[in-house]
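Colleague: Structure provided below as structure tokens; questions to follow.
The values are calculated or read from the model by the stated rules, or taken from the named source; none is laboratory data. Because the structure is predicted, anything quoted here is derived from the model rather than measured. Note that each Cβ is placed from the backbone with ideal geometry, even for glycine, and that neighbours are counted across all protein chains shown.
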Amino acid sequence: MRPISVDSWTVRLTVSIVLAAALSAVPASGQDADAAKHFLGSLYRQYANHGPGIDFTGPKARGVFDPSLIALLHADQSVLGADEVGVLDGDPICSCQDWDGIWDLKIAIQPLSDGRAKASVSFALFAPHAGTDRDFRSLEITLVPAGGQWRIWDILDKSDPKAPFDLRAELEKEIRASKRGSKAKSNR
């Protein structure tokens with residue numbers, strides 16, 4: 001067997017290719033984490049001082065939610081009908097129906113290895129006044145990149161540790177149950 005001769009240029013090229021491949025698999029950078037935090041901060045600013053919040057089912061939802069979550073929201077409403085509320089009976093971004101604003105907002109971003117990001121978000125829905133319930137919220141929001149921007153893929157409401165609410169899982173469960181119910185009615 002003859003030894004294989006490799007010149008230094010070939011070695012450098014090979015090392016460069018391996019490094020480039022390894023770096024492309026690195027989780028989201030600090031800049032991406034900053035962009036994710038900015039994205040969420042801009043959403044929560046819309047709840048300040050009795051602000052309007054986010055129209056999570058209207059045309060602007062595309063700028064907030066991943067298309068797959070929008071499809072689930074629409075499918076859920078479709079199987080339920082216009083007069084039914086279903087599992088989503090409030091605003092999923094604030095996990096509320098009413099708010100005075102958002103106080104003590106804290107957002108911590110954890111980049112994930114698959115390019116997504118997990119945000120731990122906590123806040124109070126009411127201003128600090130003596131003797132009033134601040135109604136604190138604790139959410140875990142999964143973000144995905146879409147067209148160079150961050151979008152919400154899922155929201156896990158951990159405000160009540162005894163009853164966490166996973167938006168995506170609950171929508172999927174309700175859609176499946178509604179479809180099974182429709183099939184049972186049509187088979188009669």
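Colleague: Check off (1) over 23 Å from A169 (Cα atoms); (2) surrounded by 14 or more Cβ atoms within 10 Å (Cβ to Cβ); (3) free of Cβ contacts under 8 Å to residues at least 40 places away in the same chain; (4) within 15 Å of the chain's Cα centre (by Cα) for S42 and give me the number that stays unchecked.
Modeller: Result: S42 fails condition (2) only.
Colleague: Determine which single condition A117 fails, assuming it passes every other condition in (1) touching a residue at least 40 places away in the same chain (Cβ under 8 Å); (2) surrounded by fewer than 18 Cβ atoms within 10 Å (Cβ to Cβ).
Modeller: Here A117 meets the rest and fails (2).
Colleague: Can you tell me which residues in the range 98-117 are assigned to a strand (DSSP E or B) and at positive phi?
Modeller: Passing the criteria: only D104.
Colleague: Let me ask something additional. Select from the range 75-89 the residues that are β-branched (V, I, T) and at pLDDT below 80 and list them in ascending order.
Modeller: Listed by number, the list holds a single entry, V85.
Colleague: Please specify each residue of the range 58-88 satisfying the condition of being under 20 Å from P145 (Cα atoms) and either part of a loop (DSSP other than H, G, I, E, B) or among the hydrophobic types (A, V, I, L, M, F, W, C) (or both).
Modeller: A61, V64, F65, D66, L69, I70, A71, L72, L73 - these are the residues of the range 58-88 that are under 20 Å from P145 (Cα atoms) and either part of a loop (DSSP other than H, G, I, E, B) or among the hydrophobic types (A, V, I, L, M, F, W, C) (or both).
Colleague: Taking the range 36-57 on its own, how many of its residues are out of contact with any strand residue (DSSP E or B) (no Cβ under 6 Å at 6 or more places or on another chain) and part of a helix (DSSP H, G or I)?
Modeller: 8
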